[in-house]
Amino acid sequence: MEPNLSLAYVLIGAGFLLMVAELFIPSGGVLSVLSACGILAGIVMAFFHNTETGLWTLLAVCVALPVVGGLALHYWPKTPMGRRFFLTAPDEHATMASLPENLEMEGLRGQFGQALSSLRPAGVVDFNGRRIDCMTEGLMVERGQWVRCVDVKSGKVIVRPVEKPNLNDLEAADFG
C-alpha cells in the first residue's frame, strides 16, 4: 500500500468516527461537515491511486455509510444527548384513572347525593357535604333532586336521578 492510499483509508475511517461523534457531541453540524470532507477526500485519494481501487472504495463507503449511520441512530436514543431529543412513552400505569383525585372519586360509586344546581346534563351535586361536579347520563335533573353515582370515568362522576332514599335504611344496611 502506498502512503497516499493508507492516508485515504485513514481519512475515511476518521470521517466515519466524526459522523458517529456528531450524534453524541452537539457541534451544530461542524463535525458532520468534517466527516463528509474526510470521507470525500479519502475517496478522491483512492481514485488518484487507481481507478479500480477508487471504485471499490466508493462501493465500500456506499455500503458502510447506511450501515454505520443506521447503527448510530439506533443507539442514539439510549444516550444522554438522544434522550433529550426523543419523547418517552408514559408509564403504562400512569392513566387518568390512577391520579389521586380520580381514585378519591371512585369512592363515590353507589353513593346518594343531592343536586345543588340544575344538571343539564352537568352541574354540582352534594355528596355528604362535598361539592362534586357531576354529569347525568343525558337526563335533566332539577336543583334539589336526589341522584346516585352510577359510574366514574376519567375523573367524571356520572349520576342518575333517583327517588329520595330512606337514609335510615341505608345506615342500617351499612352497619347491620
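Roughly what % antiparallel, to the nearest 5, for the DSSP beta bridges in the chain? The partial results should precede the final answer.
Working: 18 of 21 bridges.
Around 85 percent of the beta bridges assigned by DSSP in the chain are antiparallel ones.
On a straight-distance basis, which lysines could pair with Lys164 in a cross-link, Cα separation under 27 angstrom, same-chain partners fewer than 8 positions away excluded?
Lys153, Lys156
Looking at the chain, which longest stretch skips every one of the GluC sites (Glu not before Pro) that is in a DSSP loop with at most 16 other Cβ atoms within 10 Å, leaving the sites themselves out? It would help to have the intermediate numbers written out before the result.
Details: sites that count: Glu92, Glu137, Glu142, Glu163.
Longest site-free region, per DSSP loop and neighbour criteria: 1-91.
With runs of 4+ DSSP H residues as the only contributors, calculate the mean residue ellipticity of the chain at 222 nm using -39,500 (n - 2.57) per run, divided by the residue total and rounded to the nearest 500. Mind dumping the intermediate values first?
Working: 6 runs with 89 residues, N = 176.
-16500 deg cm²/dmol, from helical runs alone.
Read-outs: derived from the displayed coordinates by stated rules, not from any lab. All values derive from a computational prediction rather than experimental measurement. Cβ: placed from backbone, ideal geometry, glycine included. Neighbour counts: every protein chain shown.
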